[in-house]
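Take a look at the structure below.
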Amino acid sequence: MDSSNEVVSPKILVVEDETAIAETLEYNLTRQGYTVFMSANGFSALQMARQEAPDLVILDIMLPGMDGLEVCRVLRQETNVPILMLTARTEEIDKIVGLEVGADDYLTKPFSMRELQARVKAQLRRVRLIREEIHSAEEPTNDEAPQPKKLTFGNLVIVPDRREALLTGHPVQLKPMEFDLLLYLAHNRNLVLSRDQILEKVWGWDYNGGSRTVDVHIRWLREKIEANPAAPERIITVRGVGYRFEG
């Protein structure tokens, strides 16, 4: 049997200390065909993430010992795995903190299993597309494969096929969502884009995290590609509308 034709199910690490929720998540995700690993605290979650290399982490904020925010912060330093954060808190600031430490999405308890499954599929779809792009870029088509196309904006160079950005020749460390956002802005340079447009095109039509997510990721990008993030020259705020990338 040719193992190259085998379908490998995505691996999901669920970090949740409430037994009833953990069992419900494990049952439903397993039924969807995912390989599920469970952890009830932050320390074991980090060990499991390093050992199993999951395709997605579902992470509760309120955990014994090391809380979910700290777990997220450590994971983000080590890997670009998508992180879907679960929170019982309803204050917007708590959700923003989750995004700022590196979460890709969040869901407020109580949530419907249908909504969670939709978020999971959206994140895994993004991972699959990224891997396909990387594989395509690394696979030469002939002995004299053409050089990857580049988008150049002064000292900022974006190489879409390699999912790479360079600033004055040095790699810019971007999370997957940050790169997707930068690439979308670059492809639509000099156009005013509303937050809703950006949300739909970068996060997907089924994402309902709110436009504040765009603002947070724009701030992160500015910190990495602007000479002075407080007075940006590349990603310009258009008051009352959205943003414009200066090309």
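If you go through the range 171-195 and keep only what is surrounded by fewer than 15 Cβ atoms within 10 Å (Cβ to Cβ) and over 21 Å from residue 100 (Cα atoms), you end up with 171, 187, 189, 190, 191, 192.
Regarding residue 33, is this residue small (Gly, Ala, Ser), outside the structural domain of residue 180 (by TED's automatic domain parsing) and crowded, with 22+ Cβ neighbours inside 10 Å? Criteria not met by residue 33. There is at least one residue in the range 27-43 that is among the small types (Gly, Ala, Ser) and at positive phi. Considering the conditions (1) in contact with an Asp or Glu (Cβ under 8 Å, 6 or more places away or on another chain); (2) surrounded by 18 or more Cβ atoms within 10 Å (Cβ to Cβ); (3) part of a helix (DSSP H, G or I), residue 116 is excluded by exactly one of them, (1). The residue that is farthest from the chain's Cα centre (by Cα), among those in the range 45-65 that are of a type in the set (A, V, I, L, M, F, W, C), buried (at least 16 other Cβ atoms within 10 Å of the Cβ) and outside any helix (DSSP H, G or I), is 63. Which residue pairs have Cβ atoms under 7 Å apart, sit 6 or more places apart or on different chains, and have a first residue in the range 178-204 that is among the basic types (Lys, Arg) and a second that is assigned to a helix (DSSP H, G or I)? Pairs found: 195/214; 201/184. The sole residue among 98, 68, 42 that is surrounded by 16 or more Cβ atoms within 10 Å (Cβ to Cβ), more than 17 Å from residue 128 (Cβ to Cβ) and modelled with pLDDT under 85 is 98.
I'm trying to understand the selection: among the residues of the range 209-229, which are of a type in the set (Asp, Glu) and in a loop (DSSP other than H, G, I, E, B)?
Here is the first cut: in the range 209-229, the ones of a type in the set (Asp, Glu) are 215, 223, 226.
Passing the criteria: only 226.
The values are calculated or read from the model by the stated rules, or taken from the named source; none is laboratory data. All values derive from a computational prediction rather than experimental measurement. Cβ: placed from backbone, ideal geometry, glycine included. Neighbour counts: every protein chain shown.
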